[in-house]
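Comments concern the structure below.
The values are calculated or read from the model by the stated rules, or taken from the named source; none is laboratory data. Predicted model, so just to flag it, every value in this text is computed and none were measured. Reconstructed Cβ throughout: ideal geometry from the backbone, glycine too, with neighbour counts over all protein chains shown. Accessible surface areas use protein heavy atoms only, side chains included; no ligands, DNA or RNA. Shrake-Rupley method; radii C 1.70, N 1.55, O 1.52, S 1.80 Å.
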Amino acid sequence: MTDDKDVLRDVWFGRIPTCFTLYQDEITEREAEPYYLLLPRVSYLTLVTDKVKKHFQKVMRQEDISEIWFEYEGTPLKWHYPIGLLFDLLASSSALPWNITVHFKSFPEKDLLHCPSKDVIEAHFMSCVKEADALKHKSQVINEMQKKDHKQLWMGLQNDRFDQFWAINRKLMEYPAEENGFRYIPFRIYQTTTERPFIQKLFRPMAADGQLHTLGDLLKEVCPSAIAPEDGERKNQVMIHGIEPMLETPLQWLSEHLSYPDNFLHISIIPQPTD
């Protein structure tokens, strides 16, 4: 892969200042102060909120506590989506800190998966990495790795260790010189305006004539409404990791540098702010 290590670092160390507040109907023995945390964009809510959980449990009785879940302005937050994706999709036009409400009751079964342990997060993460490698290398790279390499990927993410993670992940970002890129680009496109959770299709990084496909080419093919305005004025922002990459950016470069640790490009299509 082309070595833009600074980009990889900037993506990894992206943080979102967040204020956690206990839901007003939760029963407490004394007032629950809000809890502030810098959330890593590349991680998962249930992986980095142990301190939040402990903070609020201190003011609650054991019998009033069941599984923790989080909500933003009435929308339950899916823990299996990376934090940065949740923020870009739901809150990118709001002021910081991001205000998240904490619940210990009335788990929304229809909206959220249960997350009883860190093992569940690890299993979800590794299944995404394997799916991405099936698209990129027909699973050859991930299958040639040892169990300890898989574990190192996970531990690097869990413990926020950039070098530990990338020592293994860079193998997943390589490809034979003669191929000029991956087989297919692992991506998911999300929109808040549709019921569909996301769009995911097979898309090659290179056109038949040898031209590199760009982000614009991808959107034109799989989600034309994102960039084709009806009246000449674009109504949407296309966001990855809180930034709007130029539509001319080659997809292969984006896949190598702006993918989340699960090896997918998570692309948010959000309405232009109206301010």
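Points worth noting:
- Global form of segment 177-275, assessed from the alpha-carbon gyration tensor, a/c cut-off 1.5: prolate
- For segment 20-123, the set of trypsin sites (Lys or Arg not before Pro) satisfying both a DSSP loop assignment and a count of at most 10 other C-beta atoms within 10 Å is given as Arg30, Arg61, Lys110.
- Projected-area average for segment 54-197 over all orientations - Cα convex hull basis, square nanometres: 11.7 nm²
- Subtracting the Cα-Cα distance of Arg196 and Lys148 from 0.36 nm times their residue separation leaves 13.7 nm of extension gain.
- Cα centroid separation - segment 170-213 against segment 41-112, whole Å: 30 Å
- Helix 162-172 and the long axis of the chain differ in direction by around 40°, with both axes built from C-alpha atoms.
- Here the chain exposes an accessible surface that is 49 percent carbon and sulfur, computed with a 1.4 Å probe and the other protein chains kept in place.
- The GluC sites (Glu not before Pro) of segment 9-73 meeting both criteria, a DSSP state outside H, G, I, E and B (loop) and at most 11 other C-beta atoms within 10 angstrom of the site's C-beta, are Glu29, Glu31, Glu73.
- Segment 21-63: equivalent-ellipsoid semi-axes (sqrt of 5 x gyration tensor eigenvalues, Cα, Å): 22, 11, 8
- Rounded, prolate or oblate (a/c below 1.5 giving rounded, otherwise prolate when a/b exceeds b/c) for the chain by Cα gyration tensor: oblate
- The chain: calculated mean residue ellipticity at 222 nm from DSSP helix runs of at least 4, using -39500 (n - 2.57): -9500 deg cm²/dmol
- Zone of Phe107's modelled label, taken as backbone nitrogen in segment 45-70 under 20 Å from a point 7 Å along Cα→Cβ: 45-58, 60-70
- Approximate spin-label separation Ser94-Lys53, in nm, with each point projected 7 Å along Cα-to-Cβ: 2.3 nm
- Helix 147-158 vs. the chain, principal-axis angle (Cα, 0 to 90°, nearest 10): 60 degrees
- Against the main long axis of the alpha-carbon atoms of the chain, helix 118-137 sits at an angle near 10°.
- Summed over the residues of the chain and divided among them, the accessible surface reaches 51 Å² per residue at a probe radius of 1.4 Å.
- The Cβ shell under 13 Å around Gln24 holds other residues with a net charge of -3, Lys and Arg each +1, Asp and Glu each -1.
- Segment 130-197: equivalent-ellipsoid semi-axes (sqrt of 5 x gyration tensor eigenvalues, Cα, Å): 24, 19, 11
- Neighbour-limited loop hits for GluC sites (Glu not before Pro), segment 95-166 (at most 10 other Cβ within 10 Å; DSSP other than H, G, I, E, B): Glu109
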